[in-house]
Amino acid sequence: MGVNVSVRSRSTGGIVVQPLLLTIPQVMQCMGLGRNKVYDLINKEGLPVLRFGRAVRISRTALEQWLEQREQDRSVVY
């Protein structure tokens, strides 16, 4: 079962561009979580991030893989 992370895409001349890296507000929107919870997931649960100076970004692919891994781990526990 794949996890699909969607955010609003930018359309450039008829071409839809999906961002490779998501901002915290984009992650909040696609996961339906608040800012503090997203930062808790980063700091306590191992949500992978990339840092560029003070900018924090989350790879779309890494987020999908992280969510899939959590789903698998949860199904093993129960």
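The values are calculated or read from the model by the stated rules, or taken from the named source; none is laboratory data. Worth saying up front: this structure is predicted, and the values here are computed from it rather than measured. In this analysis, Cβ positions are derived from the backbone assuming ideal geometry, glycine residues included, and neighbour counts consider all displayed protein chains.
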Could you say whether any residue in the stretch 36-48 is buried (at least 16 other Cβ atoms within 10 Å of the Cβ) and part of a loop (DSSP other than H, G, I, E, B)?
yes
Only one of 51, 70 is among the charged types (D, E, K, R), at pLDDT 85 or above and not in a helix (DSSP H, G or I); which?
51
Pairs under 7 Å by beta carbon, first residue part of a strand (DSSP E or B) in the stretch 7-27, partner at pLDDT 90 or above, six or more apart or different chains?
21/50; 21/57; 21/58; 21/59; 22/57; 22/58; 22/60; 22/63
